[in-house]
Amino acid sequence: NAAVSVDSSNLLLASYNGLKMISYDKNKVIAIKGVDIFPKKFTDPNIISLNKDRDGDIWFATSSNLFTYNFKSRRLLQIQSITNGAKNTFFYYVKSIYFDKNNYLWVGTSKELLFSTNTESKFIPVYQTIDKKVTIDNIYYLYPLNDSTIYIGTANGLYYVDKNSISAIDTGRISWYIRGIDGKRFFVSNDDGCFILNENKKLVRVDLIFHELKELKNEIINSGEQIGDSIMVLGTEREHGIYLWNFKRHIVDHITTTSPLLKLKNNNVNLIHKSSDENIWILSDDNISILNPRTFSIKNISWIDSTNNNPYSIFFDACEADGYYWIAAYGTGILKVDKNYHIRKIISGKEGMPTTGIYSLVSLNDSLMFVTSNNGLFYFNVKTMASRTFFESDGLSSSYNANSSVKNGFIYVGGDKGFTIINPSFLAINPYVPELYLNNIKVETKTRSIDSSNLFFATYTVPSDFLQTTISFSGINYSNPSRTSYAYRIKELDNNWINLGTRNFVTLIGLSPSTYTLEVKAANEDGVWCEPKTLTLTFLPKWYQTALFKAAVILFAGGIFYAFYRYRITQLKKQQQIRHEIASDLHDDIGATLNSVKIFTTLAETSPNKEEYFQQIRESINTAYSGLRDMIWVLDDTGDTVEDLLKRIKQFAQPFANANNIHVHFSSGDADILELNKTEKRNLLLIAKEAINNCIKYANCKNVHVTVTKEDRKIKLVMKDDGCGFDEKEITYGHGLRNIRERARQINYTASIFSEKGQGTTIEVVKK
């Protein structure tokens, strides 16, 4: 059925008639013989499958058993029986035995696939007998006698356990405490009081054997320690303090908060612990009382948490290691206390503890500290602070609620499902790292979902319309798959690793278009990390994130800036032109007027007819004053509306019109709030003044109408009189009418003049 090489000259065969060995030299068969390794009572010679592990051990299966055999030690072990009782087909029919590169064992049967790490178990759980007739759970107390025998106090009684069986001594009530007295008899306490377990494993009332313990016959004892070879210190469960029992002198002392000689600070007792200096520690809720049996004195100790000014409390256990006391404070952690009883450190979640719900402590070799809790087993090296945590998936019970003990190098811890024997020599770190694969990439968009699977992904392009991208990975860790943990980083964003715990995917949202390097790594249950896997992700840009769009935006912004720049230059040029025109007007009008004043002043000084010259001087000064006010109004930024223009025209026209019995009418309709630039203000004012001057001088009119309206968002200035009018064909345009048209052209307006004899004159100035 199968063959495996034993060494360079021997081949082992699995046959229907047992194991056969073929010995050979080069191509020559020297001998063929049967391998007699089975006991005489063995009756199943049919060897179905065969293989050899990395250590050289031979593994083979018959139709009913799986065996391993070592040729050097000639040791045959039956690993598992297929038939357990009448009917049990656990292996059923082993067709194949295989060892992978980690020397893990794989067994293929006709019914199922089985796996084993093929190593000595570091945890040996003890919960029930093979036939399931006896089950132990909710352990209260453990008292190992040697590495094969242990007494167990449980919520349902007292049990005796050896390598081959579990025997019930007393059932139906909680067994709180058990301790040996003289090697043959044991002190036992349960819900009904205290008893002596005799050599026949029978419980007898304690006062019937030791009359001095009459006071304890109904007492519940939860813990105890022995002083010397004759005194036992017992802690009570019902807040009755402690008892000191000298079982050789038959004397009992009861110590409480009110006892005459020695006094406790608290009658509540969680545990009795004996330190290396033979002092007895009575652990209570908020203090520890230390009994010195040599001086027969008690020292009470408590500590205050400086962060909240409350006392540290609920002390469940204590031990010693590395020259310090270590105290289990439920809800706080482990207090590291020096020999002067000063707290030096508090061990809690920062040191990797899975919980602060601590029940018991066990130290080993003055360096290792084993901590049982309501969430697994935690142990650490008190010198290096290197730590590890084991959970239910590692082979432990999920919760420990009892004391723990150490015997012959083995550690015994009780929990809600039986107890566990721990072999510290097998707590080596698993060196085999998980094999990591990036197995799936899922991209979500608004309209679709893209799902890609490829174990050898090295690069991936994410479309531009992605909402989120999820990368899934798997770390193949057969020894403890539920404890495989992961971490990742994106080198372009952060060089630090982000721990994912046991979550085997990472979701990326909101990443900018670019190329990113995603690195993922996996660790086994002991925190040994594999080499990172790398995936290059290219996130395509959306249309508005492309270089072309950005270039267009830059060009558009540049165009706007340039247009604004040109507009600003144009405005500056217009302002410069206005200043030039104003300067020219000041030079032409004001300058000429002042020159006339100068001439008239000289003539007035030399001429006897001074009054006429003074009149000319007065008119010239008024004209200059009016022109200067017009210039100031044009430059003023607070008068840039049509309404302001009409007011200015009215200020000019009203005095002259009244002096000539002419009525001037002004209207603006809904154009009042329209704004004018300075060139428009200046030219429209000058056009209006020129037109009104013509009406007064030449039209011989009675009414003048000045109207500003808005037509298709364009300003229209109309000046109409009811004077004599003229025939355009019979007259020659003078400077005034030509100035009107020229000033209108300068501001991009059109000036039209309509007149008939006897019908008056209308001048319309409209923005193009």
*In the range 187-245, what percent of the accessible surface is made up of carbon and sulfur (1.4 Å probe, ligands and nucleic acids excluded)?*
43
*Where both residues lie in the chain, what percent of DSSP beta bridges are antiparallel, nearest 5?*
95
*Efficiency of FRET between Thr459 and Gln576 - r from beta-carbon atoms, R0 56 angstrom, step 0.05*: 0.35
*Which is farthest toward the positive dipole end of the chain among Ile498, Pro608, Asn309, measuring Cα position about the Cα centre, with Cβ charges +1 (Lys, Arg) and -1 (Asp, Glu)?*
Ile498
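Using a 1.4 Å probe on the protein chains only, how many percent of the accessible area of the range 312-468 belongs to carbon and sulfur? Before the final figure, lay out the partial values.
On the way: 3190 of 6570 Å².
Whole-percent figure for carbon plus sulfur exposure: 49.
For Asn300 and Val35, compute 0.36 nm times the residue count separating them, minus their Cα-Cα distance, and round to one decimal in nm.
On the way: separation 265, 0.36 × 265 = 95.40 nm, distance 7.07 nm.
Taking Asn300 through Val35 to full extension adds about 88.3 nm, to one decimal.
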_Sum of side-chain charges, Gly395 neighbourhood, beta-carbon under 13 Å (Lys, Arg +1; Asp, Glu -1)_ = -1
_As I understand it, the dipole of the chain uses +1 on the Cβ of Lys and Arg and -1 on the Cβ of Asp and Glu, about the Cα centre. Which of Ser5, Pro513, Phe38 lies farthest toward its positive end?_
Ser5
*Net charge near Val337: determine it from the other residues with C-beta under 11 Å of the C-beta of Val337, scoring Lys and Arg +1 and Asp and Glu -1.*
+2
*Just grab the label-to-label distance for Ile490 and Asn439, each label 7 Å out from Cα along the Cβ direction, in nm (one decimal).*
2.4
*Any idea how far apart Phe426 and Tyr93 come out in nm if each label point goes 7 Å out from Cα toward Cβ?*
3.2
_Computed label-point distance, nm, for sites Lys132 and Ile314 using a 7 Å Cα→Cβ extension_ = 3.5
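If Lys and Arg each add +1 and Asp and Glu each add -1, what is the summed charge of the other residues whose beta carbon sits under 12 Å from the beta carbon of Val443?
On the way: positive: Lys442, Lys446, Arg448; negative: Glu444, Asp451, Asp465.
Every neighbour counted, the sum reads 0.
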*Highest first, please rank the peptides 201-208, 62-69, 327-334 by the mean number of other Cβ atoms sitting within 10 Å of their residues.*
327-334, 62-69, 201-208
*asked:* At 0.36 nm per residue, and after removing the present C-alpha to C-alpha distance, how many nm does the segment from Ser387 to Tyr16 gain when stretched out fully?
replied: 128.5 nm
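Once you have the Cα-Cα distance between Ser63 and Arg75, take 0.36 nm times their residue separation minus that, and quote the gain in nm to one decimal. The partial results should precede the final answer.
Numbers: separation 12, 0.36 × 12 = 4.32 nm, distance 2.07 nm.
Full extension from Ser63 to Arg75 adds 2.3 nm.
Taking all protein chains as present, what is the carbon and sulfur share of the accessible area of the range 1-81, in % to the nearest whole number, probe 1.4 Å?
On the way: 2440 of 4930 Å².
The C+S portion of the solvent-accessible surface of the range 1-81 is 49 percent.
How long are the three semi-axes of the equivalent ellipsoid for the chain, computed from the Cα gyration tensor as the root of 5 times each eigenvalue, in whole Å, largest first?
Details: eigenvalues 2555, 377, 88 Å².
Gyration-tensor ellipsoid for the chain: 113, 43, 21 Å.
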*For the range 10-61: rounded, prolate or oblate by the Cα gyration tensor [a/c cutoff 1.5]*: oblate
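Equivalent-ellipsoid semi-axes (√(5λ), Cα gyration tensor) for the range 367-459, whole Å, largest first? Walk me through the intermediate numbers first.
On the way: eigenvalues 354, 61, 29 Å².
Output for the range 367-459: semi-axes of 42, 17, 12 Å.
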*In whole Å, how far is the Cα centre of the range 488-548 from that of the range 232-246?*
61
*Assigned charges on the beta-carbon of Lys, Arg, Asp, Glu; the chain dipole about Cα centre (debye)*: 1620
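Mean separation of Cα pairs under 8 Å and 6+ residues apart, divided by the residue count of the range 653-768: what relative contact order is that in percent?
On the way: 203 pairs, mean separation 30.4, N = 116.
Once divided by the residue count of the range 653-768, the mean separation gives 26 percent.
Given Cα pairs under 8 Å that are at least 6 residues apart, what percent is the relative contact order of the chain?
Values: 1633 pairs, mean separation 37.4, N = 768.
For the chain, the relative contact order is 5 percent.
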*Please report how far the C-alpha centroid of the range 120-192 lies from that of the range 1-74, rounded to the nearest whole angstrom.*
42
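Rolling a 1.4 angstrom probe over the protein heavy atoms, how many square angstrom per residue are accessible across the chain? Walk me through the numbers before you get to the answer.
On the way: 40650 Å² over 768 residues.
So the chain comes to 53 Å² accessible per residue, rounded to a whole number.
Suppose we take every Cα in the range 217-361 and form the convex hull; what volume per residue is that in Å³?
Numbers: hull volume 17.7 nm³, N = 145.
About 122 Å³ per residue, rounded to a whole number.
Would you work out if the range 632-684 is rounded, prolate or oblate? Take a ≥ b ≥ c from the square roots of the eigenvalues of the alpha-carbon gyration tensor; rounded if a/c is under 1.5, else prolate when a/b is larger than b/c, oblate otherwise. Can you show the working numbers first?
Details: a/c = 2.98, a/b = 1.64, b/c = 1.81.
Oblate shape, in that a/c is at least 1.5 and b/c is the bigger or equal ratio.
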*Run the numbers on the range 281-410 and let me know its relative contact order in percent, using alpha-carbon pairs under 8 Å that are six or more apart.*
15
*Mind running the shape call on the range 666-768? Use the C-alpha gyration tensor, a ≥ b ≥ c as the square roots of the eigenvalues: rounded below 1.5 for a/c, prolate if a/b tops b/c, oblate otherwise.*
prolate
*If you take the beta carbon distance between Asp100 and Arg185 as r and set R0 to 60 Å, what does 1/(1 + (r/R0)^6) give as a FRET efficiency, to the nearest 0.05?*
0.65
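Please sort 138-144, 237-243, 538-544 by packing, taking for each peptide the average over its residues of neighbouring beta carbons within 10 angstrom, highest first. Don't jump to the answer; show the numbers that get you there.
On the way: 138-144: 21.7, 237-243: 19.3, 538-544: 13.1.
Highest mean packing first, the order is 138-144, 237-243, 538-544.
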*Determine the equivalent ellipsoid of the range 309-373 by diagonalising the alpha-carbon gyration tensor, then write out the semi-axes as square roots of 5 times the eigenvalues, largest first, rounded to whole Å.*
17, 15, 10
*Restricting to lysine pairs 8 or more places apart or on different chains, what number in the range 289-432 have Cα atoms under 16 Å apart?*
5
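The values are calculated or read from the model by the stated rules, or taken from the named source; none is laboratory data. All figures in this text were calculated on a predicted structure; none of them were measured in a lab. Every residue, glycine as well, gets a Cβ built from its backbone with ideal geometry; the counts of neighbours run over all protein chains shown. Only protein heavy atoms, including side chains, enter the accessible area calculation; ligands, DNA and RNA are left aside. Shrake-Rupley method; radii C 1.70, N 1.55, O 1.52, S 1.80 Å.
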